[in-house]
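Chemist: Handing you this structure, nothing more for now.
What follows draws every value from the coordinates through simple rules; no lab data is involved. Small disclaimer: the values here were computed from a predicted structure and weren't measured. When we count neighbours, we look across all protein chains shown, and the Cβ atoms used for this are built from the backbone with ideal geometry, even at glycine.
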Amino acid sequence: MPFEFISTHLNERAEQLLLRKRHVVQSATARTIMVNDKTYLNFASNDYLGFGDLTIESENINTLGSHSSALVTGYQLQQQALEQYLCTQLGYQAGLLFNSGFSANSSVIKALFQDKAAAQNSAIFQDKLNHASLIDGALHSNAALIRFNHNDLNHLRSRLEKSKAQNKLIISEGVFSMDGDTAPIKDLLRLAKQHNAWLMIDDAHGFGVLGNTGLGSCETFIGDILPDILVITFGKAVASSGACVLGSRAFIDYMLQYNRDYTYSTAMSPLLADNTLVRLKHIKKANTQRVMLNKNIATFKHLAQQHNIAVMESDTAIQPIVLGCAEQTLKAANKLKQQGIWLTAIRPPTVAYNTARLRVTLTAAHTLDDITYLVKHLAEALL
C-alpha cells in the first residue's frame, strides 16, 4: 500500500508515548487557560509580561491584509515603521519582517549560504541545544554544520581553530527555550571577533524581559559591538506574532535578493505590524511587570528548593524539571491537570531522549498564591 509508513510511524509514536496532540483552547491569559470548559492555572504560557491581556487601540483597524508579498505591493507604511523602530532601538542599519520566528531563522541561514561556491568554503557553528528552526536552516543550507557542546566556549574555540572555512557563522540563543539558561553573548562576540566570524543570536525568549528597558539579551551591547544578525520574535513577551531579522544594510539587501521565504510569502499584515509596534513601545515602559516577573521567578526557585524539587539552573521565566522518562513526565503533567494546573510535558524529539521534562513558565501575572499552589502539587506529582 502506498504511504503505509504514515500509520507505521504514528503507531510507533503512540507506543513510545510521544504522539503529539493539539488541545482546543477556549480562552487564555498569562495566568489562566480554559480547555474543555475547565479553567486551569496557566504555567505553559510564553506571555511573560502579561501583555496578551493588554487592549490595543489602532488607527489602522481596516488594514488587515497586505494583499501580496513585500516585493510586490505588500510592503506598507506599518511594516516599515515597525522595522525602523527596532533598528533605532537596537542600533542596527536595517530589518526584515517575517510571519514567524521559525521562518526567519531557517530562511536566513539558507539564504546566506545559497551561493554553493561560497558555501563550500563556509561553516556554521551551532550550540547543540539550539532551536529546531536554527538547526533546520543549517541542515538545508549548503554550508558545513559543526555543533559545539552547550555554552561550552572552549569546545567552540577548538572547533573554530580547526576550521579552514573562510566564512564562519556562530549561532546561539539569548535564552534557550527548553532549558531557560542564557548564552554567554559577550564571550561569543569576543570569540567571533578573534576568528573573523559572524555571530547570529535568536532572542525569542529574551526580548521584552531582559535588559534595563526590555530590549533583550543584547541591550547591554547597544552602541558597541552587536551580533551581526539578531532575530527578534513577537510571539512571546510582546504577545503578538511574527519576527524581525536585524543586520547591516548590505546583509538585509542580500536577504531581499535571495531569501525565498521572504520573497514568496505574503507580507505581514499591516494591522499586525501596527499592533506590534504599539506593544513594543509599551515594552520599554514595562518595568513594573519585569520586576514582578523576576520576583515570581525568585519565589518559585525558593519554594522549589524548600520542597526538594530539582529545577534546572535557570534565572529566567523558563524553569524546567527534567524527569528523563516520557511516561513519568506525562503522568506528572496529568496529575497536575487534575489539580487545575496546566503545565506542558516536553518529550523527544523536542528534547533529547532521556531528558523529558516539565517546562514551567512563569509570568508577571502569576500571584504568590498561584506559585505556592503550583509548587505544593508539583512536589506531590513527582513522588
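Chemist: Taking N as the number of residues in the range 70-283, what is its Cα Rg relative to 2.2 N^0.38 Å? All intermediate terms of the calculation are to be shown ahead of the outcome.
Modeler: Details: Rg = 16.2 Å, N = 214, 2.2 N^0.38 = 16.9 Å.
For the range 70-283, the normalised Cα radius of gyration comes out at 0.96.
Chemist: What's the exposure ranking of SER66, SER122, going from fewest to most Cβ atoms within 10 Å? Walk me through the numbers on the way to the answer.
Modeler: Working: SER66 24, SER122 20.
Exposure proxy ranking, most exposed first: SER122, SER66.
Chemist: How much length, in nm to one decimal, is gained on full extension between ARG249 and TYR85, taken as 0.36 nm per residue of separation minus their Cα-Cα distance? Could you put the intermediate results ahead of the total?
Modeler: Values: separation 164, 0.36 × 164 = 59.04 nm, distance 1.52 nm.
This chain segment gains 57.5 nm when fully extended.
Chemist: Using 0.36 nm times the number of residues separating VAL25 and THR266, minus their current alpha carbon distance, what extension gain do you get?
Modeler: Details: separation 241, 0.36 × 241 = 86.76 nm, distance 2.70 nm.
Separation in residues times 0.36 nm, less the Cα-Cα distance, equals 84.1 nm.
Chemist: Which length gain, in nm to one decimal place, applies between ASP115 and LYS337 when the Cα-Cα distance is subtracted from 0.36 nm times their residue separation? Please report the intermediate quantities before stating the final value.
Modeler: On the way: separation 222, 0.36 × 222 = 79.92 nm, distance 5.03 nm.
The ASP115-LYS337 span can extend by a further 74.9 nm.
Chemist: Given a cut-off of under 8 Å on Cα pairs at least six residues apart, what relative contact order in percent is computed for the range 70-283? Numbers along the way, then the final one.
Modeler: Numbers: 405 pairs, mean separation 59.5, N = 214.
The value is 28 percent.
Chemist: Restricting to DSSP H runs of at least four residues, report the calculated mean residue ellipticity at 222 nm for the chain, -39500 (n - 2.57) per run over all residues, nearest 500 deg cm²/dmol. Could the numbers behind the result be given before it?
Modeler: Values: 13 runs with 144 residues, N = 383.
Result for the chain, helices only: -11500 deg cm²/dmol.
Chemist: Run the quick spin-label model on GLU4 and ALA132: label points 7 Å from Cα toward the beta carbon, then report their separation in nm to one decimal.
Modeler: Modelled inter-label distance: 2.7 nm.
Chemist: For a quick check of your reading of the filter: which trypsin sites (Lys or Arg not before Pro) in the range 164-198 sit in a DSSP loop and have no more than 14 other Cβ atoms within 10 Å?
Modeler: Numbers: sites: LYS164, LYS168, LYS186, ARG190, LYS193; in loops: LYS164.
Those satisfying the criteria are LYS164.
Chemist: Along the charge dipole of the chain, which of SER177, GLY95, PRO349 sits closest to the positive end, that is, farthest toward it, with unit charges on the beta carbon of Lys, Arg, Asp and Glu (+1, +1, -1, -1)?
Modeler: It is PRO349.
Chemist: Relative contact order, percent, of the chain when contacts are C-alpha pairs under 8 Å separated by at least 6 residues?
Modeler: Details: 754 pairs, mean separation 86.2, N = 383.
Computed value for the chain: 23 percent relative contact order.
Chemist: Sort out for me the Cα centre separation of the range 260-289 from the range 59-117, rounded to whole Å.
Modeler: 10
Chemist: Taking 7 Å along the Cα-to-C-beta vector as the label spot, tell me the ARG190-LEU18 distance in nanometres, rounded to one decimal.
Modeler: It is 3.9 nm.
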